[in-house]
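Let me begin by presenting the structure, written as structure tokens, before commenting on it.
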Amino acid sequence: MAATGDNSGSARSRAVSEVVDLVSSLIRFDTSNTGDPATTKGERECAEWVARQLEDAGYTTEYVESGLPGRGNVFARLPGADSSRGALLLHGHLDVVPAEAADWSVHPFSGAVQDGYVWGRGAVDMKDMVGMMLAVARQFKIEGTVPPRDLVFAFLADEENGGKWGSQWLVQNRPELFAGITEAVGEVGGFSLTVPRPDGGERRLYLVETAEKGLGWMRLRAKARAGHGSFLHEENAVTILAAAVARLGTHTFPLVLSDSVAEFLAAVSEETGLAFDPGSKDIEGTLAKLGSISRIIGATLRDTANPTMLNAGYKANVIPQTAEAVVDCRVVPGRLAEFEREVDELIGPDVEREWITELDSYETTFDGHLVDAMNDAILAHDPHGRTVPYMLSGGTDAKAFADLGIRCFGFAPLRLPPELDFAALFHGVDERVPVDALEFGTDVLEHFLLHS
């Protein structure tokens with residue numbers, strides 16, 4: 001039957017009733033992505049479990065290994081009432097960054113449900129959204145719900161390493177899996193940010209990701225003559241590289257206000273009365289009044305280049321011929337050429353550079369039917385909420401899908417307690433997601449898909 005309603009004000013839906021168990025089960029799969037295919041694990045087992053949950057509900061699934069054994073991906077399609085419309089892709093990644101159990105209050109792969117939270121690595125990045133997708137997909141199939149358009153559910157590998165053996169490989173080698181898809185929703189959007197209003201009240205803003213900075217991992221290399229550590233050396237590869245890395249790591253790139261960031265700041269200013277003047281030397285100070293989210297928003301005002309790895313030498317008394325560093329670069333849309341020019345000036349002519357990973361930035365507009373559907377879904381379950389666009393300082397699998405001409409958004413809805421430092425949970429210790437946020441998000445996602 002074609003579905004036109006939602007569960008606002010009604011009894012708990014099937015999806016809401018099982019989403020917490022699904023997220024907990026997903027977390028118990030250790031899908032740690034080290035960046036090295038030889039030591040990355042768990043994706044196949046998790047993907048096969050996801051496929052079984054979908055098949056038990058009646059789906060026909062397709063399991064695809066993206067270029068290497070064990071890099072499991074699962075696809076399922078639910079036909080809509082009007083298959084002539086472009087299909088909507090819902091994508092979530094199954095891999096997570098590693099976690100040191102000794103640092104955590106609970107075991108990071110326990111999936112523990114306690115104190116009103118589901119705990120574990122991936123709870124917010126992004127097995128919460130994977131669980132919500134899975135819960136709603138199962139409910140629709142079991143109950144015979146027909147959405148307005150075709151829905152494609154994709155559960156993917158290797159996002160935490162830039163998607164080389166996941167979305168990027170699939171787009172380059174299996175583009176037919178995405179045939180007919182015109183729009184997509186994925187992670188790091190739809191979560192709430194509670195801001196103070198001038199009248200003493202508060203407003204929950206729900207941040208919809210409409211843009212991502214470019215992601216580039218750059219290797220720097222300096223070379224000089226090797227020699228004995230006791231001699232005088234006019235040139236030393238370690239010294240040359242260290243100086244270049246220090247210049248780059250302490251450099252402040254110019255402020256650039258993209259459309260998505262400008263719209264976000266305008267909305268926040270309207271709600272809070274705070275003035276975000278791009279010409280102010282203390283715009284970051286004003287942003288800090290928004291709390292922990294300021295770390296993400298502040299990073300979207302300018303390019304960043306953060307040194308993350310150093311490698312040189314093999315013995316204490318030998319000056320090496322080569323020294324290398326890796327720098328994590330995030331570039332504002334439209335800034336790549338200027339960014340590279342600035343980097344070259346900073347590192348100087350004696351240091352070579354090369355891109356290890358280079359993924360483009362992305363930006364779309366905050367308008368259209370899909371945005372209206374997101375807004376309506378939020379308001380149906382939080383009448384005093386407001387959706388606003390924002391730019392993600394990191395990157396997601398959306399970068400790969402944008403290469404196919406798919407319009408991408410981040411919309412994994414969560415209503416969060418104001419005191420929760422949500423930004424710190426991404427790749428952080430004691431990662432967790434509120435149970436009631438998962439249940440809220442599942443209701444919102446169902447409403448959204450019934451009206452998309």
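The values are calculated or read from the model by the stated rules, or taken from the named source; none is laboratory data. Note that the structure is a prediction, hence the values are computed from the model and not measured. Note that each Cβ is placed from the backbone with ideal geometry, even for glycine, and that neighbours are counted across all protein chains shown. Quick note on the areas: whole protein, heavy atoms, side chains included, nothing else; ligands and nucleic acids left out. Shrake-Rupley method; radii C 1.70, N 1.55, O 1.52, S 1.80 Å.
Worth a mention:
- Nearest-0.05 FRET efficiency for A102 and S269, computed from C-beta distance (R0 56 Å): 0.80
- Each pair of Cα atoms in segment 317-413 enters the Kirkwood radius, and Stokes-Einstein at 10 °C and 1.306 mPa s then converts it into a translational diffusion coefficient of 92 µm²/s.
- Selected from T145, A157, S167, residue furthest toward positive end of dipole (segment 62-180; charges at beta carbon): T145
- In the context of the full protein assembly, E176 retains an accessible surface of approximately 100 Å², using a probe radius of 1.4 Å and ignoring ligands and nucleic acids.
- Along the axis of the charge dipole computed for the chain (Cβ charges of +1 for Lys and Arg, -1 for Asp and Glu, origin at the Cα centre), the listed residues A312, G92, V371 are led at the positive end by A312.
- The simple Förster model, with R0 at 35 Å and r as the Cβ-Cβ distance, assigns F426 and R247 a FRET efficiency of 0.75.
- Simple point charges give the picture: +1 on the Cβ of Lys and Arg, -1 on the Cβ of Asp and Glu, and for segment 1-118 a dipole about the Cα centre of about 340 debye.
- Spherically averaged projected area of the convex hull of Cα atoms, segment 128-205: 8.3 nm².
- Folded to 0 to 90 degrees: helix 259-272 orientation relative to the chain principal axis, Cα: 70 degrees
- With every protein chain in place, segment 134-293: carbon and sulfur % of accessible area (1.4 Å): 50 percent
- Once all protein chains are placed together, Y63 keeps about 80 Å² accessible to a 1.4 angstrom probe.
- Between the Cα long axis of helix 127-143 and the first principal axis of the chain there is an angle of about 30°, rounded to the nearest 10.
- Check: the chain dipole with +1 on Lys, Arg Cβ and -1 on Asp, Glu Cβ, in debye: 480 debye
- Number of Lys pairs (Cα under 18 Å; 8 or more positions apart or on different chains) in the chain: 7
- Largest to smallest in accessible area, the residues R121, R247 fall in the order R247, R121 (1.4 Å probe, all protein chains included).
- Size of charge dipole - segment 328-417 - debye, nearest 20, with Cβ of Lys, Arg +1 and Asp, Glu -1, no other charges: 600 debye
- Note on E234/I356: beta-carbon distance plugged into 1/(1 + (r/R0)^6) with R0 of 22 Å gives a FRET efficiency of 0.15.
- Between M309 and R174, the modelled labels are 2.7 nm apart [label points 7 Å from Cα along Cα→Cβ].
- Relative contact order, percent, segment 285-439 [alpha-carbon distance under 8 Å, six or more residues apart]: 23 percent
- Stretching the chain fully between S294 and E65 yields a gain of 78.6 nm (0.36 nm per residue, less the alpha carbon separation).
- Spherically averaged projected area of the chain from its Cα convex hull (nm²): 23.2 nm²
- In this structure E363 has an accessible area near 70 Å², from a 1.4 Å probe over the protein heavy atoms.
- Mean residue ellipticity (222 nm) of the chain, computed from DSSP H runs ≥ 4 via -39,500 (n - 2.57), nearest 500: -9500 deg cm²/dmol
- With the charge dipole of the chain set up from +1 on Lys and Arg Cβ and -1 on Asp and Glu Cβ about the Cα centre, the Cα lying farthest toward the positive end among the listed residues V331, I283, L205 is that of V331.
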